[in-house]
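One structure is given here, and the rest of the page talks about it.
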Amino acid sequence: MGMTPRRYRRRLPVLPYVLLSPVVLVTLVIIFYPMLQAIWMSVHDYIIWKPQDIRFNAFAHFVTAFSDEVFWISLWHTAIWISLTVSLQLALGFAAAILLNQDFPWRALARGLIIIPWALPSVVIGLMWSWVYDPNYGVLNDFMLRFGLLTQSMPWLANPDTALYAIILTLTWQGFPFFAVMILAGLQAIPSSYYEAAELDGASRRQQFWHITLPSLKGVLVTAVLLRIIWVANSIDVIYVMTSGGPGYATHTLPLYAFLRTYTAMDFGYGSALAVLFTLMLLGVVVLYLRRAGRDVT
């Protein structure tokens, strides 16, 4: 016999929790347990090759961080890294989305090809762009020498003045398809009747962009920028593959510095403290951004 409606209604509220419980369990194991462990290690002297010397030190690591010159260098580089990379990705992605929203031959193929940089593994992208920047046989130096833009080959990744910006360009190329796809989806959701009405009222293309396109995309842009801020801020794989933080500290960002202190110096206590500090700073940036963006959207 089938389940009666009354018995079904009694058991229904339990079903969502049963279905979600595996996901919650995996999240607790994969995310929250390491997070709590990092917080615990951040307040302990925890050098992995000194297991007998693990002891509670309160906030000593945090005090050390604020007097650490490399910490401030890495923090400054992180600010440059996030602001320039996200801005360039947004600008390039916006331009690509507008182009892909037009009618032209092979548009479907172009929409598929634009995903390639986003789909490639970061390690592959790091190696590929390292070859592009290579001073001996890199295509960038060859191109600039042929057109007279350089008089001699430039070691882009070995020069402290250019290394960080070279990697920013690399990550811009990798990440702009995310913005392109998100903005393209937003553009296609705008009713064509808005533009038809604006044309009847004599609005120019520029006026339509400022008064129809941008206001309609605010929600999409807020979400996309927020996600990219978080992802770019935590991205260390491309930097590690291309320069490992060098030359010197020229491409050190705070997450990379925390990683190197943890897994190179094996100082899990200080590395965890750097990670916790960065998490709190990033959380503050996200909260301020959401408050500002929320006022703009509403």
Inset, instruction - Run the quick spin-label model on Thr64 and Gln207: label points 7 Å from Cα toward the beta carbon, then report their separation in nm to one decimal. - result: 6.4 nm
Legend entry - Whole-Hz couplings from phi, Karplus 6.51/-1.76/1.60, listed for the stretch 157-164; x for Gly and Pro: 8, 9, 9, x, 7, 10, 4, 5
Inset, instruction - Convert each backbone phi in the stretch 59-75 into a coupling constant with the Karplus relation 6.51 cos²θ - 1.76 cosθ + 1.60 (shift: θ = phi - 60°), then list the ³J(HN,Hα) values in order as whole Hz, x for Gly and Pro. - result: 10, 4, 5, 5, 5, 4, 4, 6, 9, 8, 4, 5, 4, 6, 4, 5, 5
Legend entry - Hull shadow area, averaged, the stretch 146-298 [alpha-carbon convex hull, nm²]: 13.5 nm²
Legend entry - Sequence of Val232, Val70 once ranked by neighbouring C-beta atoms within 10 Å, starting from the fewest: Val70, Val232
Legend entry - Order of His77, His211 - criterion: other Cβ atoms within 10 Å of each residue's Cβ, fewest first: His211, His77
Legend entry - In nm, spacing of pseudo-spin labels at Glu199 and Leu113 (7 Å Cα→C-beta vector): 2.8 nm
Inset, instruction - For Ala158 paired with Val26, estimate the spin-label separation in nm (one decimal), with each label point 7 Å from Cα along the Cα-to-Cβ line. - result: 4.6 nm
Legend entry - Candidate values (1) 18.7; (2) 19.5; (3) 23.0, label of the one derived for Kirkwood radius over Cα pairs in Å: (3)
Inset, instruction - Please list the non-local residues whose amide H lies under 5 Å from the amide H of His44, H modeled 1.01 Å from N, same-chain partners needing a gap of 5 or more. - result: Asn57
Inset, instruction - Using a Förster distance of 35 angstrom, determine the FRET efficiency expected from the C-beta separation of Ala95 and Leu150, and round it to 0.05. - result: 0.85
Legend entry - Spin-label proximity, Arg55 to the stretch 27-47 - amide N less than 20 Å from point 7 Å beyond Cα toward beta carbon: 40-47
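Each reported figure results from applying straightforward, stated rules to the coordinates on display, with no laboratory input. Keep in mind that what you see is a predicted model, and the values were worked out from it rather than measured. With ideal geometry, Cβ positions are generated from the backbone for all residues, glycine too; neighbour counts draw on all protein chains shown.
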